[in-house]
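Coordinate-derived values only; no laboratory data. In this text the structure is predicted, and so the values were computed from the model without any measurement. All Cβ positions, glycine included, derive from the backbone under ideal geometry; neighbour counts span all protein chains shown.
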Amino acid sequence: MKFVPAGTDGVLFSIWDTRVKDFQAFVDATNYDATSGMQSMQSKGWQKEGNNWKIPGFTQTADDPVVGVSGNDGDAFCQWLTKKEQAEGKLGPDQKYRLPTNNEWSTAVGSGTYPWGDDYPPPAGTGNFAGNEAQDDNWWKGRATIDEYNDSFPRTSPVGSFPPNAYGLYDMGGNVLQWCTALWTLRGSSWSVAKPKELVSSSSWQVDPDYRRDDFGFRVVLAVASQKSGAPPKSADTTTTNAPPIAPERTAPTVTLAGDQARAVVVIKGDNAEGTGFLVKTADGAMVVTNQHVIANNPNIKIFTNTGQRVTLLSLKGATDRDLAMFAIKDDGYSYLPLASDVSTAAQTGDEVVTPGNSEGGDVVLNTGGKVLGIGPQKIEFDNPVYHGNSGGPVIHTKSGQVLGVVSEGEKVDLEDDLDKSSFASRNSAIGGSMRYFGLRIDTVPKWEALDWQQFQNETAFLDAFDKRNRCLDSYLNTPNDNKPRSEER
């Protein structure tokens, strides 16, 4: 693997994508398993066919880019390589391999409309895209190809098969889509791509970091000391062509909260679950907003600010038509978030939002950035990745600082359904990953009612137990068993 400067100070880019033989060395050394769940292109779309990075369903050489790898697989590879070369004395303790960020990749691809320039279609010999060579028996019939373009590679091609860009980087367009970290986006294009809007340099697709597909790969970068003040590490081969001026930095969604905003997000802890909430001021006084499901069947609730101060709870009320709750609290001079009085006019589709939350119940508030995908009468949809423990957290409008909603649920896209699967695979879809995320609006709640805490706990504990019993009964009745009477198999 060779590394060169690519426009970002202190970061060297691998000149090509991680190859099959590179990933094989990692697996051989660690017994890492990346062989499950890969989606492969078939005549009816991307499907799970039991293929994996070792046997992707088409022929590869050791110098082809590894495919069928997730963002987390790429991250694991980088961690292994860092530890290996630090132990060998090739890297210093403050140097490491990692996936590029979205901004770093945007700079490295150059400032042209496409990786090769400003005109479409790509000139002959530009890269490995979906030309007419790709249409074989497994080609998805509804997927476009580039007329009169033929690169001779129906699927992947060995790295370095086509000319590099001005930084000396190969396949910044074509061959495989490349994982970028932070917001878990895929950049570039692949052997499966033909449409102009999918080939533009700015094309970005946010995806669940566990997702594996036969046109997903990754490129490694090496974070080193600033090249303005120090030499690169011994393992970095920095031979390169003359690099062009740094392209204008492209703005990525901010995930940094102002101090007052960060102090207004709280962690909620109970005997059975943890979640998130946030502090607001209403006409009725100081409040903590969260979801009812965060506090349901969850005795001994405690709420803490990010400085560790415990919030004193006074009373509780819930929305009559949706999963929202508000605790009235003692006002101890906290920071508070402003609520949007009318979300429909305060924000619009495409606006950037931040969703801070107690991800995975780690007692640390993490901020994830993204955009609004849609606004409905009760819900808003966004593409920020969220995790267990984020429920109850605010959806903060980056531009105005106002809260648009409360993080409430994630819904998995049904990839077993032909319509959903086709829509998911379309690059025109607003849904960029296998999950959809929703927040509940506060501004359209028709009524809030007072809740007795002990009664609320008793009722939700009963409902939770009732739900579990019904799930067990349903599983029993719907699981075939030759020992059960025939009348029970319904």
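Here are some notes:
- Backbone amide hydrogens, once placed in the peptide plane, bring Lys48 within less than 5 Å of Ser40, excluding anything fewer than 5 places away on its chain.
- Among 48-56, 328-336, 25-33, the order from most to least packed when residues are scored by Cβ within 10 Å on average: 48-56, 328-336, 25-33
- Gyration tensor verdict on region 130-200 (Cα atoms; rounded if a/c is under 1.5, prolate if a/b is larger than b/c, oblate otherwise): oblate
- Distance between modelled label sites at Ala450 and Lys197, nm, 7 Å Cα→Cβ extension: 5.4 nm
- For the peptides 349-355, 392-398, residues were scored by their other Cβ atoms within 10 Å and the scores averaged per peptide; the highest-first order is 392-398, 349-355.
- Estimated FRET transfer efficiency (Lys44, Thr460; beta-carbon r; R0 41 Å; 0.05): 0.40
- Karplus-based coupling profile of region 111-126, in residue order and whole Hz: 9, x, 4, 10, x, 9, x, 10, 10, 10, x, x, x, 4, x, 6, with θ = phi - 60° in 6.51 cos²θ - 1.76 cosθ + 1.60 and x standing for Gly or Pro.
- Across Lys2/Lys48; Lys281/Lys302; Lys96/Lys195; Lys371/Lys412, pairs whose alpha-carbon gap is larger than 25 Å: Lys2/Lys48; Lys96/Lys195
- Close amide H partners of Gly370, meaning residues 5 or more places away or on another chain with modelled amide H under 5 Å apart, are Val353.
- Taking a ≥ b ≥ c as the square roots of the eigenvalues of the alpha carbon gyration tensor, region 10-123 is oblate, as a/c is not under 1.5 and a/b does not beat b/c.
- For Ser201, residues with placed amide H under 5 Å, excluding near neighbours: Tyr114
- Sorting 60-67, 94-101 by their mean Cβ neighbour count within 10 Å, with the most densely packed peptide first, gives 60-67, 94-101.
- Rg ratio (alpha-carbon, reference 2.2 N^0.38 Å) - region 74-183: 1.32
- 3J(HN,Hα) along region 48-56: 7, 10, x, 7, 7, 4, 6, 10, x Hz, from the Karplus curve 6.51 cos²θ - 1.76 cosθ + 1.60 with θ = phi - 60°, whole Hz, x for Gly and Pro.
- Spatial separation of Cα centroids for region 279-333 and region 73-105, in angstrom: 42 Å
- Phi-based couplings in Hz for region 181-197 (Karplus 6.51, -1.76, 1.60; Gly and Pro marked x): 8, 6, 9, 6, 10, 10, 10, x, 8, 8, 4, 9, 10, 9, 6, x, 5
- Put a plus charge on the Cβ of each Lys and Arg, a minus charge on the Cβ of each Asp and Glu, and nothing anywhere else: the dipole of region 1-147 about its Cα centre is then about 340 debye.
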